[in-house]
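This report concerns only the one structure given below.
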Amino acid sequence: MDFFDNDLKTYIEPSEEIKFYQAANPLPSKLIYSPFVRSELLHKRKGVKINELPRLYQGTHLYCIGGEVVYFQGLLGAPATVIFLEELIALGIKEIMFLGLAGAIQSANIGDRIVVADALRLEGTSHHYLPAGAPSVPSEQMTNDLVNFFSSKQVPFTKGRICTTDAPFRETFQLIDQLRKKNVLAIEMEIAAAFAVATFRKVKAAAVVIISDKLKADSWSGFQPNSFSEAFIFSFGYIFEFFTRSL
């Protein structure tokens, strides 16, 4: 079944959901979005004023960093991510930088970063925002700018394809083998949907994932929190610098 229909009027609009949201000032237009809470990221921003804003939902956190960038700590999974992004876009967000985690399915190490070129759609949410068969892709300009910025700062990265799934416990050996043959570098749970809603709402989005675990030929490495967290915090700093470089 193809769920996408751009002409249908919906019962609930994001603008209705956020009209009760109260913040002292309008949000900046640039967003760093993380699908999980990493409070230590903010401790590294020495000399930068950080204000916690009213929450959109319980279990999430919203910050304004230096008056220039919104940082949202959300929840895992495509449906939750798109609900939050819809409401943040309705609040004025125009540029989204997604910073997430992924399991490597090719030769990559824990802590390696991937700038996402496109995302295969094995989740359900994107199919409400894009026609069946349409690619889920980031902003080309924003992605190229990020690649050039990382290169200028000598930040190691690989640019390539990832896959988004709703079912981490159904990452079967057969599925992962098929994805390897499609040159997919890693698998995660949000980005195809994030790109889809950004395309639908006509805002810019790009994404970086940090390798947190590895799906080997015959086993799973398990989540590696120490190496992953160090690389995640390092990457957050450069993404913040990227977003504020011309301000």
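Read the figures in this text as sums done on the coordinates, not as results from a lab. For clarity, every value in this text was computed on a predicted model and none was experimentally measured. Cβ: placed from backbone, ideal geometry, glycine included. Neighbour counts: every protein chain shown.
Values computed for the structure shown
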quantity	calculated
Modelled label reach - ASN148, point 7 Å along Cα→Cβ, the stretch 191-214 residues with backbone N closer than 18 Å	204-207
Stokes-Einstein D for the chain, Kirkwood Rh over Cα pairs, 10 °C, 1.306 mPa s (µm²/s)	86
Proxy reagent accessibility, fewest Cβ within 10 Å first, across SER15, SER152	SER152, SER15
Whole-Hz ³J(HN,Hα) from phi, Karplus 6.51 cos²θ - 1.76 cosθ + 1.60, for the stretch 170-176, glycine and proline x	10, 7, 6, 4, 5, 4, 5
Theoretical ellipticity at 222 nm over the chain - DSSP helices of four or more residues, -39500 (n - 2.57) apiece, nearest 500	-9000 deg cm²/dmol
Whole-Hz couplings from phi, Karplus 6.51/-1.76/1.60, listed for the stretch 183-189; x for Gly and Pro	6, 7, 8, 7, 10, 8, 10
Spherically averaged projected area of the stretch 103-247 from its Cα convex hull (nm²)	8.9
Ranked list, fewest to most other Cβ atoms within 10 Å of each Cβ, for ILE176, ILE65	ILE176, ILE65
Sequence of THR125, THR143, THR158 once ranked by neighbouring C-beta atoms within 10 Å, starting from the fewest	THR158, THR143, THR125
Relative contact order [Cα under 8 Å, 6+ residues apart], the chain, whole percent	26
Per-residue HN-Hα couplings for the stretch 135-150 [Karplus 6.51, -1.76, 1.60; θ = phi - 60°; Hz; x = Gly/Pro]	x, 9, 10, x, 5, 5, 5, 5, 5, 5, 4, 5, 4, 5, 5, 4
Radius of gyration and maximum dimension Dmax of the stretch 45-92, Cα, Å	11.5, 35
Signed unit charges on C-beta, dipole axis of the chain, positive-most listed residue GLY133, GLN106, GLY77	GLN106
